There are 2 protein chains.
Amino acid sequence: MAERTYAVRPVGVVSSPLTDRDQAPRQGDEGAPPAWLILNRRMKAAMGGLQVGAEVIVLTWLDRARRDVLVVHPRGEESRPLQGVFNTRSPDRPNPIGLHRVRITAIEGTRIAVANLEALDRTPVLDIKPLLGDVDER
Amino acid sequence: MAERTYAVRPVGVVSSPLTDRDQAPRQGDEGAPPAWLILNRRMKAAMGGLQVGAEVIVLTWLDRARRDVLVVHPRGEESRPLQGVFNTRSPDRPNPIGLHRVRITAIEGTRIAVANLEALDRTPVLDIKPLLGDVDER
């Protein structure tokens with residue numbers, strides 16, 4: 001198996017009041033605060049068509065996660081039996097890419113306000129994809 | 001804005017009869033053939049809990065995509081107006097990470113058979129995440 005790697009280049013960064021992993025809700029619906037995606041100004045053209053009110057999937061690089069972890073207790077609860085990380089949403093995993101389904105609440109230049117983003121302040125943003133229903137989630 | 005990059009390290013590779021981008025269906029439900037995720041044997045523990053029949057989200061690195069493209073004609077149809085790539089599912093985008101919602105049809109060691117994977121043969125696999133419903137897609 002090829003061992004080559006690929007470089008992800010952040011297109012922006014999260015601005016959020018969440019600064020501590022222990023403080024982050026385990027799932028977005030448990031009350032993540034509003035946050036901003038501060039995109040690089042070079043990404044303005046890539047935003048064409050994004051609209052307030054739309055639901056999108058934000059991909060992040062969970063830069064404070066551990067990449068050497070293969071099994072975890074789900075949601076950090078030690079009473080739960082160990083699971084392979086591919087069967088959990090743990091941020092700790094070989095490639096700590098976060099998927100966040102959020103709604104756009106404002107767009108100001110290359111800054112995008114989103115509701116319910118479960119990501120720590122300064123988390124790198126990798127991508128934004130539209131959510132158009134089940135078909136489009138593939 | 002920090003310009004640092006991060007290295008993704010594939011955990012496996014796609015084995016699929018799809019070898020040509022023009023041949024790939026634009027969406028999984030348009031008839032992608034069965035495929036295998038051939039994971040690195042070191043990833044065995046990370047698979048703990050994955051089961052046949054489960055729906056999962058597979059993350060891939062779309063290694064034949066262009067990273068310098070910021071606007072595209074959706075679905076490659078020139079009659080459609082140009083859109084920012086963040087408002088499309090185009091593989092061409094700054095960080096060409098593919099999201100694929102698939103169902104596990106077989107598990108043999110560290111090989112996972114999946115239905116309806118829209119990804120070319122030899123595409124690197126980055127991650128597998130469970131799909132447990134709307135809440136868990138965040």
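For this structure, a couple of remarks:
- Selection over the range B:89-98 of residues that are more than 7 Å from chain A (Cβ to nearest Cβ) and open to solvent by 10 Å² or more (accessible area, probe 1.4 Å) gives a count of 3.
- Considering residues of the range A:102-118 that are within 16 Å of A:GLY48 (Cα to Cα) and small (Gly, Ala, Ser) only, the residue least open to solvent (accessible area, probe 1.4 Å): A:ALA113
- Hits in the range B:58-87 - residues which are open to solvent by less than 30 Å² (accessible area, probe 1.4 Å) and closer than 19 Å to A:ARG9 by Cβ: B:LEU59, B:THR60, B:TRP61, B:ALA65, B:VAL69, B:VAL72, B:GLY84, B:VAL85, B:PHE86
- Listing of strands (runs of 3 or more DSSP E) fully contained in the range A:31-138 that carry 3 or more residues being without any contact (Cβ under 8 Å) to a residue 60 or more places away in the chain and not acidic (Asp, Glu): A:97-108
- Breaking point among (1) open to solvent by less than 60 Å² (accessible area, probe 1.4 Å); (2) under 26 Å from A:ARG64 (Cβ atoms), for B:LEU18: (2)
- Scanning the range B:127-135 for any residue that is at the interface with another protein chain (Cβ under 8 Å from one of its Cβ atoms), exposed (fewer than 15 other Cβ atoms within 10 Å of the Cβ), at pLDDT below 95 and in contact with an Asp or Glu (Cβ under 7 Å, 6 or more places away or on another chain) turns up at least one such residue.
- Selected residue (criterion: least open to solvent (accessible area, probe 1.4 Å)) from residues of the range B:1-15 that are modelled with pLDDT of 95 or more and part of a loop (DSSP other than H, G, I, E, B): B:VAL11
- Any hit, the range B:21-29, residues being at pLDDT 90 or above and surrounded by fewer than 20 Cβ atoms within 10 Å (Cβ to Cβ): no
- Boolean, B:LEU82 is at the interface with chain A (Cβ under 8 Å from one of its Cβ atoms), farther than 17 Å from B:GLU118 by Cα, of a type outside the set (S, T, N, Q) and touching a strand residue (DSSP E or B) at 6+ places or on another chain (Cβ under 7 Å): yes
- Filter result for the condition that a residue is modelled with pLDDT under 95 and over 17 Å from the mean Cα position of the chain (by Cα), over A:GLY84, A:GLY48, A:GLY109, A:GLY76: A:GLY76
The values are calculated or read from the model by the stated rules, or taken from the named source; none is laboratory data. Keep in mind that this is a model prediction, so the values were computed, not measured. Because the Cβ atoms are built from the backbone with ideal geometry, glycine has one as well, and the counts that use them run over all protein chains shown. Ligands, DNA and RNA are excluded from the accessible area calculation, which covers all protein heavy atoms including side chains. Shrake-Rupley method; radii C 1.70, N 1.55, O 1.52, S 1.80 Å.
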